[in-house]
Amino acid sequence: MAAHWARLRRLIRNAVLLGLAALVAANIYAQWSTADVTFQRAAEVPSRPTAIVLGTHVNRGVPSQELAERLQAAADLYSAGKVSAILVSGGVYGNDQDEPGAMARWLVGRGVPAAAVTQDRLGIRTRATMERAAQVFGVRAAAICTQAYHLPRALILARKAGIDAVGLIGDSHAAMRHSLREILARPAMLLETLIWPLGRGS
């Protein structure tokens, strides 16, 4: 019996160590593989036809601070002539939680022409946003606007969707809990990109 429990403890220990190694490796890869296409200022970003803004929380029709930072990054790109169109992507969870609608209003209210803003109302996940950007909206090259903690995963998923993507960091008031969640999400994302063919679900 003692030998049985010793083997079980070794298996559990090895599984935990393997999981930790995979977590570390996935995060190192995500950061390393996207570092050369990640920028902190709009002036540094190579020109792309479209900016993609990834949705997040809206409070009674008003973008949260985190979402406003992403939108400001896209507005900066537009003002700098780096992009000529902005795709805002998110979910719709009732009249008060219409992420794309709130995002579009925010941009138009700050001088971006309404004709330059397109809404994707089914971008409920980062992967869905990138696949739909490529398949539904015909985006082939884009500048992605989101927080630093989210950008590596977004860029990798954009590449998987066939988009020539660069990223502009819209920061920096993201809560630590978001960063920790993202660290845990990256291994699953990398596995997803390896196993799931493009276009199969989202």
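The values are calculated or read from the model by the stated rules, or taken from the named source; none is laboratory data. All of these numbers come straight from a predicted model, not from anything done at the bench. When we count neighbours, we look across all protein chains shown, and the Cβ atoms used for this are built from the backbone with ideal geometry, even at glycine.
The set of residues in the stretch 55-77 that are in contact with a helix residue (DSSP H, G or I) (Cβ under 6 Å, 6 or more places away or on another chain) and touching a residue at least 40 places away in the same chain (Cβ under 8 Å) comprises 55, 56, 58, 61, 63, 71, 76, 77.
If you check residue 96 against the conditions, is it of a type in the set (Asp, Glu) and either within 18 Å of residue 42 (Cβ to Cβ) or at pLDDT below 95 (or both)? The answer is yes for residue 96.
Filter the stretch 128-156 down to the residues that are surrounded by fewer than 23 Cβ atoms within 10 Å (Cβ to Cβ) and more than 21 Å from residue 40 (Cβ to Cβ) and list them by number. Passing the criteria: 128, 132, 134, 135, 136, 137, 138, 140.
Taking the stretch 33-55 as the range and being within 12 Å of residue 148 (Cα to Cα) and either in a loop (DSSP other than H, G, I, E, B) or touching a Pro at 6+ places or on another chain (Cβ under 8 Å) (or both) as the test, the residues that pass are 34, 38, 40. Can you name the residue in the stretch 106-150 that is among the hydroxyl-bearing types (Ser, Thr, Tyr) and without any contact (Cβ under 8 Å) to a residue 40 or more places away in the chain and is also farthest from residue 63 (Cα to Cα) among such residues? Applying the filter and picking the extreme gives 149.
Condition check ((1) over 21 Å from the mean Cα position of the chain (by Cα); (2) surrounded by 24 or more Cβ atoms within 10 Å (Cβ to Cβ); (3) more than 14 Å from residue 53 (Cα to Cα)) across all residues:
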{"residue": "86", "(1), (2), (3)": "no, yes, no"}
{"residue": "92", "(1), (2), (3)": "no, no, yes"}
{"residue": "97", "(1), (2), (3)": "no, no, yes"}
{"residue": "101", "(1), (2), (3)": "no, no, no"}
{"residue": "114", "(1), (2), (3)": "yes, no, yes"}
{"residue": "124", "(1), (2), (3)": "no, no, no"}
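Would you check if residue 80 is crowded, with 18+ Cβ neighbours inside 10 Å and either touching a helix residue (DSSP H, G or I) at 6+ places or on another chain (Cβ under 7 Å) or without any contact (Cβ under 8 Å) to a residue 40 or more places away in the chain (or both)? Considered against the rule, which asks whether it is crowded, with 18+ Cβ neighbours inside 10 Å and either touching a helix residue (DSSP H, G or I) at 6+ places or on another chain (Cβ under 7 Å) or without any contact (Cβ under 8 Å) to a residue 40 or more places away in the chain (or both), residue 80 comes out as no. Pick from the stretch 154-189 the residues that are assigned to a loop (DSSP other than H, G, I, E, B) and of a type outside the set (Gly, Ala, Ser): which of them is modelled with the highest pLDDT? Residue satisfying both the conditions and the ranking: 163.
Selection of first residues in the stretch 151-172 that are within 27 Å of residue 64 (Cα to Cα) and among the charged types (D, E, K, R) and of second residues that are at pLDDT below 90 and part of a helix (DSSP H, G or I), restricted to Cβ pairs under 6 Å at least 6 apart or on distinct chains, gives the following pairs, ordered by first then second residue: 153/186; 153/189.
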